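The values are calculated or read from the model by the stated rules, or taken from the named source; none is laboratory data. Treat the numbers as computed from the prediction; the structure is a model and nothing was measured. Areas reflect the complete protein model, heavy atoms only, side chains present, ligands, DNA and RNA absent. Shrake-Rupley method; radii C 1.70, N 1.55, O 1.52, S 1.80 Å.
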Amino acid sequence: MYGLKPVPFKPIHYPSDSFVAFGVYAVLASSANPDSVDFARRSAFFCNIHLDVRWRLFLKLRLSLLRGATGFAPILAISAIAQQAPPSDFVVKNATVMTASHGTIQHGAVWVHNGKIAGVGESVDAPASAVVVDATGKWLTPGIIDPHSHSALDSDVNEATSPVTPSMMMIDAFDNRDKALYQALAGGVTTELLLHGSANMIGGQAVVIKNKFGLSRDAMIFPNAPRSIKFASGENPKRVYGSRNQLPSTRMGNFEVMRQSFENAKAYMASWDAYNAKVAKKDATAVAPKVDLKLEALADVLRGKLYVQIHCYRADEFLTEEAIAHEYGYKIRAFHHALEMYKVAGQIAPENTAIATFTDWWGYKDEAWDAIPWNAVMSMRKGVRVALKSDSNDHIRRLNSEAGKMVHYGGATEDEAIKMVTLNPAWIIGVDDRVGSIDVGKDADLVIWNVDPLSTYARAEKVYIDGDLFFDSAMLGLGTPHFNGAMHDGGGFGSDDSDGEGN
């Protein structure tokens, strides 16, 4: 069923079809500028050049056309039309609606009002003036959510100068014009948790974005999303610092560094508590302790103000991390990667700690030798909340088909599989009250797919965020109504490690 449907192949519009549209751009421009005819004649050369080269040439040539004033006037007019405000009401009708929370509705309808979902069912009570989007023969899902991404962070993903850097802010590394965001958007991804890397036992604080590619950096920040912090145990921190003959260089050192950090944070909190008590008593001898941003962040972990997201692979380390969390009184939101969770899922499930895992990555490092593709479903059957994630600028574009693998590896139902890339990752990030399912009152982050999204033939045709269309494969060029200008190429694999390992 998944990948075996007799569906005619349709080329994916990202990014190769962009070059066909690019030729159209040139022809349109030639109507005002005869010199561009020669460029249009030569545009076919894109078809025979390697994709990465085509992409870079495309961006350069597109920028040169944008600078071409009168010759590009028709395209600027098209762009202006595309960026008009979204309708206050529209209805997607006749779709197979996979809600992720209350099953699948055949021939369903979803009414969007002012960027929110206002109705879901076989029919909806939308106003007669609502714009109708006919999705006959197509599928509608919530936007895909990636709970472990490093998109648009370039080489700034790790502050590897110390094993404890909780005051680092990933928002300061976020490049909102990185092409990896566009690639994710074209794959139906509407929300991402952009995490610090895994060089440190206690890394920096994440940023949550809505993938409104083309808008300003601040406009892409998910409003009022909970704060998360990245921890990492195992091989990565011991390798990074051990190679420098520094602490930590072993697993013993890893956990000693973590415990000592929390002891320091407790002492810091106590000093502030003592100061505040003196102030409350109007004690003239009260002297405020020195503000320490690192200890402030660690204190917020102990206060429960930061969701703790932990890079961790081995079964024994899940148990150690939970024991330390109990010792210092904080909760772990999720283990990331978690390839050996199937071994101890019954012990972790009562902690209400989720996992964000790969489907079938195996053997790429020592900690991945015991990975099995049945891990996700086996852990889910033991009561663990399971999400799938990318940790890869390439992988992020096809999280929908990764979910489809879960039907094969372990027998997940379609509803369970789609939840692994929508509602469950939304919970890990702490935004499941606003996104992750098609329910009345939630943000209208929606994707229309050409076929069943769990199929390998599936591609996103339209992607809405807050009811606004941010990707449309039927549009000329890149299919991005809000983007213009040049994208940035951050390069790299988009993974945790500065040395390129995908984990």
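Values computed for the structure shown
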quantity	calculated
With all protein chains modelled, accessible area of ASP468 [1.4 Å, Å²]	30 Å²
Surface per residue (accessible, 1.4 Å probe) for the stretch 366-469, Å²	30 Å²
Rounded accessible area of VAL132 (nearest 10 Å², 1.4 Å probe)	90 Å²
Given LYS278/LYS305; LYS93/LYS389; LYS389/LYS462; LYS305/LYS389; LYS93/LYS116, the pairs whose alpha carbons are separated by over 18 Å	LYS278/LYS305; LYS93/LYS389; LYS389/LYS462; LYS305/LYS389
Relative compactness, the stretch 360-503, computed as alpha-carbon Rg over 2.2 N^0.38 Å	1.16
Heavy-atom accessible surface of the stretch 322-376: percent carbon and sulfur, 1.4 Å	54 percent
Mean-position separation - Cα centroids, the stretch 141-190 and the stretch 413-436, in angstrom	19 Å
Rounded percent of accessible protein surface that carbon and sulfur make up, the stretch 118-244, 1.4 Å probe	47 percent
Heavy-atom accessible area per residue - the stretch 186-263, 1.4 Å, Å²	31 Å²
